[in-house]
Amino acid sequence: DIRQLLDIAGASSVFAGQNAAFWSTLLHTEGLPQFTVKPLATEHQVESALSRSFGLLQQAITGQQCCTFVYKGKARRVEPYRLVNVKNLWYLAAMEQENLKGFLLSGIRWLAVSKETFTPQAHIHQCIDEEDDVWFSLHKFPVRLHVSAPVAGYFLRRSVLPGQTIETHHPDGSLDVTCRIADERQLLPIVRYWLPELRIISPESLHSVLVTQLETALSAIKPVSYTHLRAHETSAP
């Protein structure tokens, strides 16, 4: 029962490779803790979101019933597949007009479970199982990137990018990697974080979008006038 609960909560991988004796000992350990697991901070609105929507969505998923709700100011009709917790945020993975999407639970309003039913598709469940991010989608495109040698170890240690695959190890220690994304917004914030050590090779159109975003951001940062600073310092008490 403990192992099943850990699997559901996604905690088993934290203690990968431990045998049954480890879990038994863990329950009876006294005194100061031997280790601490630091989870990501939970969403501020999680309690109200769970009490408002979680139970109804569980009911709809179990009964294979369609749902209607308001999300981002728009009325939605969806086929609910799974409640998914990603980085301590709860999402509903659901089909809306033939598209698999993730809906943040705290953003769902006026939820109602319909009597209309649907037939879940195995390939959609598989897509949800294989997704390592919140950008649930049946239609993704590949992106190839170059990782410079100084940060290559981070990308070898774990998957930094969604659906990451190491393609080439270069003699200088750098890497070529690929990932699959549903939307440019899924990847570009990560690339910006790792600049200048991470570079988009293809598609070139995505690299152009990144360059445009950086140029726009730089132009928005207006340099502070030295004369203005001197005048402010002079007038300060």
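The values are calculated or read from the model by the stated rules, or taken from the named source; none is laboratory data. Since we're looking at a predicted model, the values are computed, not measured. Because the Cβ atoms are built from the backbone with ideal geometry, glycine has one as well, and the counts that use them run over all protein chains shown. Each accessible area value is taken on the protein alone, full model and side chains, heavy atoms only, with ligands, DNA and RNA left out. Shrake-Rupley method; radii C 1.70, N 1.55, O 1.52, S 1.80 Å.
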Once the dipole of the range 134-213 is set up with Lys and Arg at +1 and Asp and Glu at -1 on Cβ about the Cα centre, which of TRP194, VAL160, PRO171 lies farthest towards its positive end? VAL160
Relative to the compact-globule estimate 2.2 N^0.38 Å (N residues), the Cα gyration radius of the chain stands at a ratio of 1.33
In the chain, how many lysine pairs have Cα atoms under 22 Å apart, counting only pairs 8 or more places apart or on different chains? 9
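I want to verify the translational diffusion coefficient of the range 165-228 in µm²/s; compute it with Stokes-Einstein, Rh as the Kirkwood radius over Cα pairs, at 4 °C and 1.567 mPa s. Mind dumping the intermediate values first?
Working: Rh = 14.0 Å.
So the translational diffusion coefficient is about 93 µm²/s.
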Separation in nanometres of the label points that stand 7 Å from Cα toward Cβ, at VAL37 and THR68: 4.1
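Compute, for the range 1-84, the length of the dipole vector about the Cα centre, with Cβ point charges of +1 (Lys, Arg) and -1 (Asp, Glu) only. Units Debye, rounded to 20. List each step's numbers first, then the result.
Values: 8 positive and 6 negative charges, 114 e Å.
Rounded to the nearest 20 debye, it is 540 debye.
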Among VAL143, VAL14, VAL151, whose mean-square fluctuation peaks in a Gaussian network model of the chain (Cα, cutoff 10 Å)? VAL14
Semi-axes, largest first, in whole Å: what does sqrt of 5 times each Cα gyration tensor eigenvalue give for the range 75-164? 32, 15, 11
Given GLN58, PHE103, ALA93, which one lies farthest toward the positive end of the charge dipole of the range 42-149, if we put +1 on the Cβ of every Lys and Arg and -1 on the Cβ of every Asp and Glu? PHE103
Within 10 Å of each candidate Cβ there may be at most 16 other Cβ atoms; applying that plus a DSSP loop requirement, which chymotrypsin sites (Phe, Trp or Tyr not before Pro) in the range 111-150 survive? PHE118
Rounded to the nearest 10 Å², what accessible area does TYR81 have for a 1.4 Å probe in the complete protein model? 10
Calculate the dipole size of the chain relative to its Cα centre from +1 charges on Lys and Arg beta carbons and -1 charges on Asp and Glu beta carbons; express the result in debye to the nearest 20. 620
Cα-based Rg of the range 1-58 normalised by 2.2 N^0.38 Å, two decimals: 1.49
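Please give the calculated 222 nm ellipticity per residue for the chain, where each DSSP H segment of at least 4 residues contributes -39500 (n - 2.57) and the sum is spread over every residue; nearest 500 deg cm²/dmol? Could the numbers behind the result be given before it?
Numbers: 9 runs with 82 residues, N = 237.
That comes out to -10000 deg cm²/dmol.
Tally Lys and Arg at +1 and Asp and Glu at -1 over the other residues with C-beta under 15 Å from the C-beta of PRO203: what net charge comes out?
Summing Lys and Arg as +1 and Asp and Glu as -1 gives 0.
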